[in-house]
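Right, one structure below, let's go through it.
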Amino acid sequence: MLYLLLSAGGAAMKLLSIFGTRPEAVKLAPILIALKGETSIMSQVCVTAQHRGLLDQVLDYFRIRPDHDLALMERDQTLNALVSRAIGRIDHVLAEAAPDRVLVQGDTSTALAAALAAFNRRIPVAHVEAGLRTYCVNAPFPEEMNRRAIALAADLHFAPTPMARANLVGERLRGDVYVTGNTGIDALHHVLAQPERERGLPPLDPAKKLILVTCHRRESFGAPFAAICAALERLAARDDIEVVFPRHPNPALDGAAPVNVRLLDPLDLPAFITLLDRADLVLTDSGGVQEEAAALGTPAVILRKASDRPESLAEGAVLAGTDPDRIVRAAEVRLDGSFPPLAPSLAYGDGRAAQRIVDVLLGRPIEEFEPARDRMRQIG
Ligand code: UDP
């Protein structure tokens, strides 16, 4: 089936991209940039600003100017308050903008609200980064539930990897699935191609091994986060290791301040990517960061109990959960020379995902992303 975005009279079709957080902006930016060159799609952007500051950093970097800004963020917002306000406000935008299709990304509350609001108005939904699953509905929470619900509302599923496609096919969803690669890898390529990425980097001790940390998942709040901090303190106590932790500004994580760990404000994307590239190891519970780490060949210890990105584990990352002993052991194995160096991985994408997505939206034929074939090309 072709998803031609030309309306009956041949006029450009209206595509409304709706998002609200940093990772959605990073992963939709390459598509929004690719859409700028397409006259048969009238692209509009609506942000909920579920996370104001972090979102704006990415919007500024990619020079994205939203057509609708719902400014929904409130301190200590609950999921239900956020989702209900988002559905109500997005519904007004849908009524006013009357898009022919809505584009959402990933698994956030904004993506869920936008998909549901569009579905209820019978507006077709395209889902970028579809098909990631743990099949454990509480991990990641509430993202696993969000991503599965969005798949029910969508009729066009852009799976980043063959594994994600296999999940979607197994669920017998309606609509078509295309394997595109992850647009986050396109964004990574974009950043790596820019000069002056170093601005905003903290000074680093070249004599020490660098561990970069990110941690912000809702299911880690409280005791799991305290356990992760205990592991960070043990690693930071070694005089050959520097631990750098740009913190997500979530009030629920405010209290804990692990000793000897350099806590930073969130870095802008180029500075963060530069640090991730330089790091000897990343400890993270983030989805996007583990994809970027794999693409850069930076070893990763995943601070989650269940993984919706098994590709990382096949590429040398390890799922350590939140137990301090497991985290420290996994980190030390990767730092002490007994672990083989990792090559940059093609598992998540080849940097051409956004163009594939735009081509599908325009009804053009695409060559789907096949990591195994691309690896053969790289070797050949
Ligand atoms: N990131 C950033 N600055 C930071 C930490 C992360 O720009 O200080 C970027 C990172 O490169 C990745 C994205 O934010 O592209 C990941 O976002 P997050 O961890 O908030 O969300 P998740 O990927 O877990 O959904």
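The values are calculated or read from the model by the stated rules, or taken from the named source; none is laboratory data. If you're wondering where the values come from, they're calculated on a predicted model, not measured in any experiment. A quick note on method: Cβ atoms are made from the backbone with ideal geometry, for glycine too, and the neighbour counts reach across all protein chains shown. Ligands, DNA and RNA are stripped out before the accessible areas are found, and what is left, the full protein with its side chains, is counted by its heavy atoms. Shrake-Rupley method; radii C 1.70, N 1.55, O 1.52, S 1.80 Å.
Please list the helices of the chain that count as membrane-span-like by this rule: a mean Kyte-Doolittle hydropathy of at least -0.5 together with Cα atoms stretching 24 Å or more along the helix axis, each helix being a complete DSSP H run.
79-97
Can you pull the one-decimal nm distance between simple spin-label points at residue 67 and residue 336, each 7 Å off the Cα toward Cβ?
Going by the 7 Å Cα→Cβ label model, 5.7 nm.
What percent do you get for the relative contact order of segment 253-380 when only Cα pairs under 8 Å and 6+ apart count?
On the way: 134 pairs, mean separation 23.6, N = 128.
Here the relative contact order equals 18 percent.
Wrap a convex hull around the Cα atoms of segment 24-85, take a quarter of its surface area, and give that in square nanometres. Walk me through the numbers before you get to the answer.
On the way: hull surface 18.8 nm².
The directionally averaged projection comes out at 4.7 nm².
So for the chain, averaging the separation of alpha carbon pairs under 8 Å that are six or more residues apart and normalising by length, what relative contact order in percent results?
Reported as a whole number, the value is 16 percent.
Give the separation of the Cα centroids, segment 249-324 to segment 24-38, in Å.
25
Which of the three applies to segment 285-359, rounded, prolate or oblate, going by the alpha-carbon gyration tensor with a ≥ b ≥ c and a/c under 1.5 meaning rounded?
Oblate is the answer for segment 285-359, as a/c is 1.5 or above yet b/c matches or exceeds a/b.
Can you give the Kirkwood hydrodynamic radius of the chain from its Cα pairs, in Å with one decimal?
21.2
Taking only DSSP H segments of four or more residues, each worth -39500 (n - 2.57), what value at 222 nm results for the chain once the sum is divided by all its residues, to the nearest 500 deg cm²/dmol? Display every interim value, and only then the final one.
Numbers: 14 runs with 155 residues, N = 380.
Computed mean residue ellipticity for the chain: -12500 deg cm²/dmol.
When the accessible area of segment 164-315 is split by element with a 1.4 Å probe, what percent falls to carbon and sulfur?
Heavy-atom surface of segment 164-315 belonging to carbon and sulfur, 1.4 Å probe: 50 percent.
Under unit Cβ charges (Lys, Arg +1; Asp, Glu -1), what dipole magnitude, rounded to 20 debye, does segment 230-307 have relative to its Cα centre?
Result for segment 230-307 is approximately 260 debye, rounded to the nearest 20.
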